[in-house]
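The block underneath contains the structure these notes are about, expressed in structure tokens.
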Amino acid sequence: MLEIAPSILSADFTRLGAEIESIVRGGAEIVHVDVMDGHFVPNITVGLPVVKAVARATQLVIDAHLMIEEPGRYATQFVDAGAGMVSVHVEVDRNLHRTLLAIQERGARAGIAINPATPLAALEEALQFADFVLLMSVNPGFGGQKFISSSIDKLRRLREMIDSRRLKTRIEIDGGIDSTNIAEIVNAGAEIIVAGSAIFGTSDPAQGVRALRDASVQWV
Ligand code: DX5
Ligand code: ZN
């Protein structure tokens, strides 16, 4: 089943509660929160207090995408704050297996996030311990960037890697997704679609979610 995960990075933070109500109306399943530390990525965004506030505002599953160094130090705090999904980047976690298990033991789904230039081979050993992989289709740090087209081929290869091992690992994809490319992305094997500007960059985020879902089943 396809799940849409609007990223609040592009939302109006002065009225975050209303923005979240709007994506609920549009039928979103997940709310994606981009946590950036200014070290792993060249931008600083939000952290635990915002995740706690989002958790008070909605029943949607909160998906905390940690673009931070030493994610193992903070991952379980995000579960305690209300995240039902937490992803950490393979590029920065020297104890990935430990972090994934800690997230799961705390009661959330654990994901491995991977940057565009990081080979899928980096997932070889850890894939079996993850509930999902977050495939980045832009370089992390900012909303509104252009989808890197080679991500489609990478996505197909990841799908093949998961299926050939008979794993249940889900594939989430993040960056530059809109109604023009979502169908091809879904056909290539993605199951959870993150979108920021395509949803909150429009005047009606509820309609933005619906438009993406409609476009996902269009013939390509
Ligand atoms: C980028 C973030 C994304 C971002 C996506 O570093 O991980 O979640 O918000 O934004 P769009 O959909 O605008 O590319
Ligand atoms: Zn993200």
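The values are calculated or read from the model by the stated rules, or taken from the named source; none is laboratory data. Keep in mind that what you see is a predicted model, and the values were worked out from it rather than measured. Neighbour counts run over all protein chains shown; Cβ positions are idealised from the backbone, glycine included. Ligands, DNA and RNA are stripped out before the accessible areas are found, and what is left, the full protein with its side chains, is counted by its heavy atoms. Shrake-Rupley method; radii C 1.70, N 1.55, O 1.52, S 1.80 Å.
The table below lists the values:
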quantity: Alpha carbon convex hull of the stretch 33-141, volume per residue in cubic angstrom; calculated: 90 Å³
quantity: Helical contribution to [θ] at 222 nm, DSSP H n ≥ 4, -39,500 (n - 2.57), averaged over the chain, rounded to 500; calculated: -9500 deg cm²/dmol
quantity: Volume of the Cα convex hull of the stretch 84-151, divided per residue and given in Å³; calculated: 90 Å³
quantity: For the stretch 70-125: relative contact order, % (alpha-carbon pairs under 8 angstrom, 6 or more apart); calculated: 39 percent
quantity: Extended-chain gain in nm, criterion 0.36 nm per residue less alpha-carbon gap, I44 and E191; calculated: 50.1 nm
quantity: Average accessible surface area per residue within the stretch 103-170, 1.4 Å rolling probe, Å²; calculated: 51 Å²
quantity: Approximate shape of the stretch 104-204 as ellipsoid semi-axes (Cα gyration tensor, √5λ), whole Å, largest first; calculated: 23, 15, 13
quantity: Karplus-derived HN-Hα couplings along the stretch 149-158 (A = 6.51, B = -1.76, C = 1.60, θ = phi - 60°), whole Hz, x at Gly and Pro; calculated: 5, 5, 5, 5, 5, 4, 4, 4, 5, 5
quantity: Relative contact order of the stretch 108-198, defined on C-alpha pairs under 8 angstrom at six or more residues apart (%); calculated: 29 percent
quantity: Range in the chain, longest, excluding exposed trypsin sites (Lys or Arg not before Pro) [loop by DSSP; at most 16 other beta-carbon atoms within 10 Å]; calculated: 1-93
quantity: More than 29 Å apart - percent of Cα-Cα pairs taken over the chain; calculated: 18 percent
quantity: Surface share of carbon and sulfur [accessible, 1.4 angstrom probe, percent] for the stretch 138-220; calculated: 49 percent
quantity: Proximal lysines to K146, defined as alpha-carbon separation beneath 29 angstrom and excluding residues fewer than eight positions away on the same chain; calculated: K154
quantity: Gain upon complete extension [A18, H97; 0.36 nm per residue less C-alpha separation]; calculated: 24.7 nm
quantity: Enclosed volume per residue, in Å³, of the convex hull spanned by Cα atoms of the stretch 62-122; calculated: 73 Å³
quantity: Stokes-Einstein D (µm²/s) once Rh is taken as the Kirkwood radius of the stretch 1-64 over alpha-carbon pairs, at 10 °C in 1.306 mPa s; calculated: 130 µm²/s
